[in-house]
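Below is one structure; the comments refer to it alone.
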Amino acid sequence: MSEIHESSLKIREIPLQLVYSDAELNCRGQIAPIDVIELANDIKANGLHQPISVHPFTVVEGKSYRIIMGHRRFAACQLAGLRTVSAIIRDNVTERDIRFMNLAENVNRKDLNLMQEANAVQKLVLLGETQEAIAQTLNMSRGWVQVRIMLMDLPREIQQDAAAGLLRAVDIRDLTKLRDRTLQLAKAKELKDAQILGKRQRPDVLKSENTKKPRSREELFEIQDTLYELFSGHTLATKVIAWASGEIDTLEMHQNIAEEAKKAGLAYTIPPEYTKVIV
């Protein structure tokens, strides 16, 4: 994203009627009043704790700003009967910046379901963003991005199950491998039923052979994604997988090892052949 200095940001009280809440931009989609009743009551009693973020916008008649972040807060302010809302005004931001900021805020708060994340990632892809760029900007693994892109190619019924939390990232990978739509739907039903019954095992037809062999990049990314979601972020294990799949170079891998060794109070020296500066 474009670099934005906090000192350049302006906070103002803006009339609600001048603010455009774009459901197409928002990762959550349309915000229903019933979803923000509790927040609206809190705002009535205690005021708005955190300003929304907007940018100048005159495409829609009668509007001067479009929300970047804070669609729920804005909807709650409307329900609370406020006439103005505190807003951070961000100038000189691109559509790319805006979509990344909206997605990053919601992902970091873990407020989105799998399908909402997939929709947002697809919009970034349509803007010309690569998987690598999306992963790096959001500080997510490439596997995290891949799964969301895969989901957009699966049948609508499967997408609805993912939105309901009945399918996991690893399930999406497995279903994508089946290719045939009928098989995908049948196996998705097995996975969904197992989830409802509390049985989280994967169907036997999807189990890979338990053999010792070199792993494909897809298999490496699948394990990386599983570790990332299980441990809520990057660990040395996910970085080793990134190195093995060619996503980071050997010097960066040694630097990661050195950082982890320092945290553990261990001595580690990066081999000198990897620290030579090429002029």
Check your understanding: For the stretch 99-188, how big is the tail of P(r) above 22 Å, as a whole percent of Cα pairs?
Key -> 24 percent
Point to revise | Rounded, prolate or oblate (a/c below 1.5 giving rounded, otherwise prolate when a/b exceeds b/c) for the stretch 113-248 by Cα gyration tensor | key: oblate
Point to revise | Loop sites in the stretch 10-65: GluC sites (Glu not before Pro), DSSP, at most 14 other Cβ within 10 Å | key: E24, E61
Exercise for review: From the P(r) of the stretch 73-127, can you give the percent of Cα pairs sitting at distances over 13 Å?
Suggested key: 69 percent
Exercise for review: Calculate the tail of P(r) for the chain: the fraction of all Cα-Cα distances greater than 30 Å, expressed in %.
Suggested key: 45 percent
Revision key, fill the gap. Footprinting proxy, W144, W243: sorted fewest to most Cβ within 10 Å, the residues are W243, W144
Point to revise | Separation between Cα centres of the stretch 21-69 and the stretch 118-138, rounded to whole Å | key: 23 Å
Practice item. With the Cα gyration tensor of the stretch 8-93 in hand, convert its eigenvalues to equivalent ellipsoid semi-axes via √(5λ) and list them largest first in whole Å. Key: 20, 15, 11
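FYI, it's all coordinate maths here, none of it is from the lab. Quantities reported herein were computed from a predicted structural model and do not represent experimental measurements. We place every Cβ from the backbone using ideal geometry, glycine too, and count neighbours over all the protein chains shown.
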